[in-house]
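Here you go, one structure.
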Amino acid sequence: MRHDRPCAPPRSRRAGLAAALAGLLALLFTLGGCAGELATKGEALRLLGGNLARGVVFEPYAATLNAVGGLRPYTFTLLTGSLPPGLVLDNGAIRGAPTEPGTFEVTVQVSDANLSRVSQSFTLQVVKAPEPRFVLDAPLTEVRSEVTLRARLEDARGVTGVRGLVTWDAERFALAETGPEAGGRGLGLVWQAAAGSLQVDVVGLGKELTGSPELFRFTLRPLTPPARVQATYTVEVVSSSADPDRRHDYLTGSVGGAPNPAVPAVETAPDVEPAPPHTEDEDAP
């Protein structure tokens, strides 16, 4: 009696079938994992925060709304309220340059790919740029030898030039022969001195002044030591600001206990007819 044995598949064929089966199992495992992930409920969609960074009139502004949870991508919509003029909501970011000061309250809604929605209220405050401050550093006690005074500007924003007139008691102090010096590299300085006064023009060479730059320094020599430095100053600050109120700032003050100047010293210059303060500043030498 003859018994026929089934032919075994070639070894190469068995290896191919095993590889295909392993690939199929891996695919099923991956799909099962994804299905489990999608079926699992994740973190609920929500918006973070309630207050936005403060903006400054006519200065660039950018703030990002932070959404978490849900399923990306997110879509942001302004539900109630109005953003400051000059600002827009663009794909979860508020950007632009505000043109009006004030406090603005808005409600923003975010939705996700699962069509979930949630809203959050935000407060955005816009303020006018602060006025720059002119600081003249002087010793608070009497001096017996030469003393150097340093002039700097604080809260400078896009400043292109500064014109300053400093006065002191000509019977107590005299300007050192070296004259004034620029406060740093990249500054241009033009000056004119007389007994008891120093006028200085400072400009940025190819740059605008920001922050708290030192403008210039000068040295006074006491004529009757010991003597206390008392000085007054009148300063015009010019900037490239888009805010008309910040293009020209006029500052006055004093150091060492000297009385503040009631009017710019250039108004009392000889051969100058009385005129409005801004005209007199333009006519000053």
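The values are calculated or read from the model by the stated rules, or taken from the named source; none is laboratory data. Model, not experiment: these values are computed from the prediction. Here the Cβ positions follow ideal geometry from the backbone for every residue, glycine too, while neighbour counts run over all protein chains shown.
Take the residues in the stretch 164-187 that are within 19 Å of Ala258 (Cα to Cα) and acidic (Asp, Glu); name whichever of them is surrounded by the fewest Cβ atoms within 10 Å (Cβ to Cβ).
In this case the residue turns out to be Glu171.
If a residue has to be touching a Lys or Arg at 6+ places or on another chain (Cβ under 9 Å), more than 25 Å from Glu154 (Cβ to Cβ) and in a strand (DSSP E or B) to count, how many in the stretch 174-194 make the cut?
So the count comes out to 1.
Now for a different question. Which one is surrounded by the fewest Cβ atoms within 10 Å (Cβ to Cβ) among residues in the stretch 136-163 that are small (Gly, Ala, Ser) and over 25 Å from the mean Cα position of the chain (by Cα)?
Top of the filtered list is Ser145.
In the stretch 163-211, how many residues are under 18 Å from Thr252 (Cα atoms) and either touching a Pro at 6+ places or on another chain (Cβ under 7 Å) or touching a residue at least 60 places away in the same chain (Cβ under 8 Å) (or both)? Steps first, answer last, please.
Initially, the stretch 163-211 is screened for residues under 18 Å from Thr252 (Cα atoms), giving 163-169, 196-202.
Right, trim to either touching a Pro at 6+ places or on another chain (Cβ under 7 Å) or touching a residue at least 60 places away in the same chain (Cβ under 8 Å) (or both) and you get 163-169, 197-200.
Total meeting the criteria: 11.
While we're looking at this one, here's another question. Given the structure, is Glu105 part of a strand (DSSP E or B) and touching a strand residue (DSSP E or B) at 6+ places or on another chain (Cβ under 7 Å)?
Working: part of a strand (DSSP E or B): yes; touching a strand residue (DSSP E or B) at 6+ places or on another chain (Cβ under 7 Å): yes.
Yes: the conditions hold for Glu105.
For residues that are basic (Lys, Arg) and touching a strand residue (DSSP E or B) at 6+ places or on another chain (Cβ under 8 Å), scanning just the stretch 146-202, find the one that is farthest from Ala129 (Cα to Cα).
Arg172
Go through the stretch 72-102 and give me each residue that's within 28 Å of Ser241 (Cα to Cα) and outside any loop (DSSP other than H, G, I, E, B).
Those that are within 28 Å of Ser241 (Cα to Cα) and outside any loop (DSSP other than H, G, I, E, B): Leu87, Val88, Leu89, Asp90, Ala93, Ile94, Arg95, Gly96, Gly102.
Give the residues of the stretch 196-237 that are more than 18 Å from the chain's Cα centre (by Cα) and either of a type in the set (Ser, Thr, Tyr) or closer than 28 Å to Glu100 by Cα (or both), sorted by residue number.
Ser197, Thr219, Thr224, Thr232, Tyr233, Thr234, Val235, Glu236, Val237
In the stretch 142-190, how many are within 24 Å of Arg221 (Cα to Cα) and of a type outside the set (A, V, I, L, M, F, W, C)?
Residues meeting the conditions: 20.
State whether one or more residues within the stretch 77-96 are of a type in the set (D, E, K, R) and under 15 Å from Ser111 (Cβ atoms).
no
Determine whether Val126 is modelled with pLDDT of 95 or more, assigned to a strand (DSSP E or B) and closer than 30 Å to Val162 by Cβ.
It is true that Val126 is modelled with pLDDT of 95 or more, assigned to a strand (DSSP E or B) and closer than 30 Å to Val162 by Cβ.
Would you mention how many residues in the stretch 147-173 are touching a Ser or Thr at 6+ places or on another chain (Cβ under 9 Å), part of a loop (DSSP other than H, G, I, E, B) and over 29 Å from Ser241 (Cβ atoms)?
3
Say whether the condition of being outside any loop (DSSP other than H, G, I, E, B) and modelled with pLDDT of 60 or more is met by at least one residue in the stretch 26-37.
No: the stretch 26-37 contains no residue that is outside any loop (DSSP other than H, G, I, E, B) and modelled with pLDDT of 60 or more.
Now, a different point. Need the failing condition index for Leu140 against (1) at pLDDT 95 or above; (2) over 30 Å from His248 (Cα atoms), just the number.
So Leu140 meets the others, but not (1).
From the set of residues in the stretch 83-119 that are among the polar types (S, T, N, Q) and within 24 Å of Pro60 (Cβ to Cβ), which is surrounded by the most Cβ atoms within 10 Å (Cβ to Cβ)?
If we filter the stretch 83-119 for residues that are among the polar types (S, T, N, Q), which is where we start, we get 91, 99, 103, 107, 109, 111, 114, 116, 119.
Within this subset, residues satisfying the condition of being within 24 Å of Pro60 (Cβ to Cβ) are 91, 99, 103.
On the way: Asn91: 11, Thr99: 14, Thr103: 11.
Out of the qualifying residues, it is Thr99.
Take Arg133 and decide whether it is within 21 Å of Val56 (Cα to Cα) and surrounded by fewer than 19 Cβ atoms within 10 Å (Cβ to Cβ).
Against the criterion (within 21 Å of Val56 (Cα to Cα) and surrounded by fewer than 19 Cβ atoms within 10 Å (Cβ to Cβ)), Arg133 qualifies.
Next question, about the same structure. Would you mention how many residues in the stretch 132-146 are in a loop (DSSP other than H, G, I, E, B) and among the charged types (D, E, K, R)? Please lay out each step first, then the result.
From the stretch 132-146, those in a loop (DSSP other than H, G, I, E, B) are 132, 138-142, 144-146; that's our starting set.
Next, only the ones that are among the charged types (D, E, K, R) stay: 142, 144, 146.
Residues meeting the conditions: 3.
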